[in-house]
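Have a look at the structure below before the remarks.
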Amino acid sequence: MLFTSLLEAAQNSPFKTPFSAASCQTSSRSDGSKLTPNHQIMAAAAAEGDSCEFGSNTYFALCGLGGIISCGLTHTMVVPLDLVKCRLQVDPVKYKSVFNGFAVTLKEDGVKGLSKGWAPTFFGYSMQGLCKFGLYEVFKVIYSDAIGEENSYLYRTWLYLAASASAEFFADIALSPMEAAKVKIQTTPGFANTLREALPKMSAQEGIAAFYKGLVPLWMRQIPYTMMKFACFERTLELLYKYVVPKPRQDCTKGEQLVVTFAAGYIAGVFCAIVSHPADTVVSKLNQAKGASAFDVAKQLGWAGLWGGLVPRIVMIGTLTAAQWFIYDAVKVYLHMPRPPPPEMPESLKAKLGVA
């Protein structure tokens, strides 16, 4: 119901993109039909060959699908590194470094042990990706509608931050149960080897609280991460096309555009890892320590302990974020979805500021 109402609100928005450089002045096509089912103005006309209109319900749904594919696949691919990272955080005495962590895990559990937690990772982050990317696009349109086209351009960084934070709030609610199961499987020896074993055990021991006790620290970790992920990516992409790429975006091939997407995603990922790491450490330790609060865990770890496993997480999150943006953008290319260029100053604002 919530997702549907957000889609309807975005669909009815007169701003189909916050940074539209082109607008459609007529309210109907040559056959007399409306440009969109629910309103008279379309901020950016769909380019010929696009599979859907920018800002339509179909567009938002396909963005959600892209989020499922990008987040579900990438997080599952790095499960071995994630497992070692979590163990470094919760037991630094036994797992002294990344390489030592891999060595100890291989010695005790074999190669198969490196895949522990893959199922909750895949399902959890697929659900998170659906909400993260799908709702980001929705909230970006809703908030743009609220502040207007000119302010959407002038304060676009704040728009990215607000839209991504709102999307991640709901994405973490979807992720929390699977994240709790993943960490339990990876960091509690002998507790469970599969998702099917872990879920009933966790429910029997702590009830529903077992799946949501890490929600607040998850918000503390994921919301700053996602705000950085989207805002840093959007602005880095804008700067790369302005100062680094030797030709305008419209003159780049789809392949060249995807390379720029990957580069912007990796830069964003490094910053994401740093700002969200202390909360990530708390989440890992919290789901291992029965009955402890986030504050108790943070106090026990101390300032230095909160930064355990930072280097492997930078490598993991940098690669992960770059791959997610690459896959997400590639899905848009494959499905022939609208891919608006970097934001341009609206004509009305140019006139006010006297910009040619």
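If residue 235 satisfies all but one of (1) in contact (Cβ under 8 Å) with a residue 24 or more places away in the chain; (2) under 19 Å from residue 67 (Cα atoms), what's the number of the condition it fails? Exception for residue 235: condition (2). Could you tell me whether residue 209 is modelled with pLDDT under 95 and either of a type in the set (Phe, Trp, Tyr) or buried (at least 21 other Cβ atoms within 10 Å of the Cβ) (or both)? Against the criterion (modelled with pLDDT under 95 and either of a type in the set (Phe, Trp, Tyr) or buried (at least 21 other Cβ atoms within 10 Å of the Cβ) (or both)), residue 209 does not qualify. When the stretch 320-335 is filtered for residues that are more than 24 Å from residue 247 (Cα to Cα) and surrounded by fewer than 18 Cβ atoms within 10 Å (Cβ to Cβ), only 335 remains. Comparison of 95, 125 shows that the only residue that is under 21 Å from residue 316 (Cβ atoms), surrounded by 24 or more Cβ atoms within 10 Å (Cβ to Cβ) and aromatic (Phe, Trp, Tyr) is 125. For the stretch 310-351, a residue qualifies if it is touching an Asp or Glu at 6+ places or on another chain (Cβ under 8 Å) and more than 24 Å from residue 59 (Cβ to Cβ), and the qualifying residues are 313, 316, 348, 349.
Residues in the stretch 184-196: is at least one out of contact with any strand residue (DSSP E or B) (no Cβ under 6 Å at 6 or more places or on another chain), under 25 Å from residue 139 (Cβ atoms) and among the hydroxyl-bearing types (Ser, Thr, Tyr)? No: the stretch 184-196 contains no residue that is out of contact with any strand residue (DSSP E or B) (no Cβ under 6 Å at 6 or more places or on another chain), under 25 Å from residue 139 (Cβ atoms) and among the hydroxyl-bearing types (Ser, Thr, Tyr). Kindly evaluate residue 226 against the criterion of being more than 30 Å from residue 275 (Cβ to Cβ) and of a type in the set (Ser, Thr, Tyr). For residue 226, the condition - more than 30 Å from residue 275 (Cβ to Cβ) and of a type in the set (Ser, Thr, Tyr) - is not met.
When residue 351 is tested against (1) within 30 Å of residue 259 (Cα to Cα); (2) at pLDDT 80 or above, exactly one condition is not met: (1). Of the residues in the stretch 290-297, at least one is surrounded by 21 or more Cβ atoms within 10 Å (Cβ to Cβ), modelled with pLDDT under 85 and either of a type in the set (A, V, I, L, M) or assigned to a loop (DSSP other than H, G, I, E, B) (or both). Got at least one residue in the stretch 308-319 being in a loop (DSSP other than H, G, I, E, B), surrounded by fewer than 23 Cβ atoms within 10 Å (Cβ to Cβ) and within 22 Å of the chain's Cα centre (by Cα)? No, the stretch 308-319 contains no residue that is in a loop (DSSP other than H, G, I, E, B), surrounded by fewer than 23 Cβ atoms within 10 Å (Cβ to Cβ) and within 22 Å of the chain's Cα centre (by Cα). What number of residues within the stretch 237-277 satisfy the criterion of being within 16 Å of the chain's Cα centre (by Cα), of a type in the set (Val, Ile, Thr) and more than 24 Å from residue 176 (Cβ to Cβ)? The number of residues fulfilling the criteria is 3.
The residue that is modelled with the highest pLDDT, counting only those in the stretch 336-348 that are touching a Ser or Thr at 6+ places or on another chain (Cβ under 7 Å) and surrounded by 15 or more Cβ atoms within 10 Å (Cβ to Cβ), is 337. For residue 86, the requirement of being modelled with pLDDT of 90 or more and buried (at least 20 other Cβ atoms within 10 Å of the Cβ) is not met.
Checking each residue in the stretch 272-289 for being part of a helix (DSSP H, G or I) and aliphatic (A, V, I, L, M) picks out 273, 274, 275, 279, 282, 283, 286. Starting from residues that are among the aliphatic types (A, V, I, L, M) and touching a Lys or Arg at 6+ places or on another chain (Cβ under 9 Å), keep the ones in the stretch 146-173 and report whichever is farthest from residue 343 (Cα to Cα). My answer is 171.
The values are calculated or read from the model by the stated rules, or taken from the named source; none is laboratory data. None of the values given here were measured: they were computed from a predicted structure. A quick note on method: Cβ atoms are made from the backbone with ideal geometry, for glycine too, and the neighbour counts reach across all protein chains shown.
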